[in-house]
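Contents: one structure, followed by commentary.
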Amino acid sequence: MKIVRICTLLFTFIACIATAARAQDPSNLWYMASSSAQRSYLIQQASVIYGYAGSSSQIGGYDVTGQVPTNHSSADIEGFLKVNPMSVTVANVNDPVWADEVVYDSNWNILFSGFVQTNAIAGKNGYILPVMTNMVLTAYPPVISFGEQVVSAQFWQVDKNTGLTTSMQTLGTSGNNIYTQPNEAGKGYLVIWLQGRSAPLVYDLTNGGVQIQGTIFQIVVSGATIDGLKSYSNPTNILDTVYSSNGVGTNTTYEVVESQYSGKTNYVNVSIRSSEGYSPLGIWVWQRGNARPTLYSQPSGMQYVPVPVNGGVNYLWPAWDPTEFSEPDPIPCYYCGGKS
């Protein structure tokens with residue numbers, strides 16, 4: 001019943017509302033910098049107030065609605081129901097009776113709403129309803145309007161202690177409007193993508209709601225290392241220990257770059273052990289450009305494997321007895337490798 005009554009009155013009253021000013025792209029969302037600034041802004045956006053009363057056994061009633069004066073203050077909002085009394089007819093005098101006040105802007109976005117209820121008391125001449133007090137009007141998050149179609153919007157929360165961005169929340173949008181959420185004022189950044197623009201609009205709510213362009217950093221990375229790879233240039237010997245525990249470890253790849261190749265095959269003495277004292281069965285050798293690697297077995301009684309390497313880039317890796325050394329079992333990884 002409440003919804004029907006509200007809609008009937010609102011659509012009847014809408015013809016009396018002045019046309020809202022055309023939305024512009026705000027250069028400063030100052031009213032999103034704190035809850036106090038937000039409350040001040042919402043009071044000044046007030047355009048229509050609607051009051052209605054009700055009860056569980058309501059069978060009739062009289063609601064009120066009115067336009068907020070242009071040069072208004074909070075008193076015009078807080079005192080509206082005092083100067084615009086309502087009535088409700090009930091079947092059961094024992095049921096609580098309530099009163100609601102809803103404050104709208106000129107685009108019918110809710111700015112404030114409040115609720116209070118009481119019970120009738122028996123008097124000498126029948127039941128009477130005490131004066132309702134202590135209605136608290138709670139502020140709603142502002143609706144931000146732009147002059148262009150909003151594609152999407154996000155709120156990026158910043159931790160007040162660390163200064164780090166900790167979460168990103170997608171906000172609701174409709175046409176040119178963005179619907180902010182409670183408690184976002186002063187807590188992070190609003191990032192808004194508009195139709196036809198290549199870059200988003202960014203507002204720093206922690207710094208007065210100013211629009212920012214962002215800080216450009218030139219990225220310079222000094223280098224990187226490939227996990228599990230060791231590289232050598234023109235080596236004579238390679239001695240290394242591969243870590244394992246209970247016979248399980250990650251095998252190492254050895255890259256040998258021969259830049260002093262004279263046409264004669266060079267040999268590198270490779271001595272590899274696991275940290276548990278096992279020796280490999282041999283060494284695989286693959287030169288870039290060859291179809292497949294070649295296995296060179298560990299000679300009996302020798303602590304190393306002499307492997308041939310040619311000019312250019314060669315890759316070596318140990319071949320183990322799986323009962324002495326093996327790599328970990330596969331782990332499902334849905335985002336590893338392949339195309340992103």
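The values are calculated or read from the model by the stated rules, or taken from the named source; none is laboratory data. All values reported here derive from a predicted model rather than from experimental measurement. Glycine gets a Cβ as well: all are built from the backbone with ideal geometry, and neighbour counts include every protein chain shown.
Observations
- Entirely in region 251-333, the strands (runs of 3 or more DSSP E) that have 1 or more residues that are closer than 21 Å to residue 227 by Cβ and free of Cβ contacts under 8 Å to residues at least 40 places away in the same chain: 266-274, 282-287, 312-319
- So residue 159, is it assigned by TED's automatic domain parsing to the domain that holds residue 45 and either free of Cβ contacts under 8 Å to residues at least 40 places away in the same chain or surrounded by 15 or more Cβ atoms within 10 Å (Cβ to Cβ) (or both): no
- Hits in region 91-120 (condition: among the charged types (D, E, K, R) and buried (at least 18 other Cβ atoms within 10 Å of the Cβ)): 100, 101, 105
- Members of region 279-326 found to be among the β-branched types (Val, Ile, Thr) and surrounded by 13 or more Cβ atoms within 10 Å (Cβ to Cβ), listed by number: 283, 285, 294, 305, 307, 309, 313
- Of all the listed residues (221, 151, 242, 210), the sole one being loosely packed, with under 13 Cβ neighbours inside 10 Å and more than 16 Å from the chain's Cα centre (by Cα) is 221.
- Filter pass, residue 52 being more than 15 Å from residue 111 (Cβ to Cβ) and either surrounded by fewer than 17 Cβ atoms within 10 Å (Cβ to Cβ) or hydrophobic (A, V, I, L, M, F, W, C) (or both): no
- Sole exception among (1) farther than 19 Å from residue 236 by Cβ; (2) modelled with pLDDT under 90 for residue 251, by number: (2)
- Residue match in region 244-257 (condition: among the acidic types (Asp, Glu) and in contact with a Pro (Cβ under 9 Å, 6 or more places away or on another chain)): no
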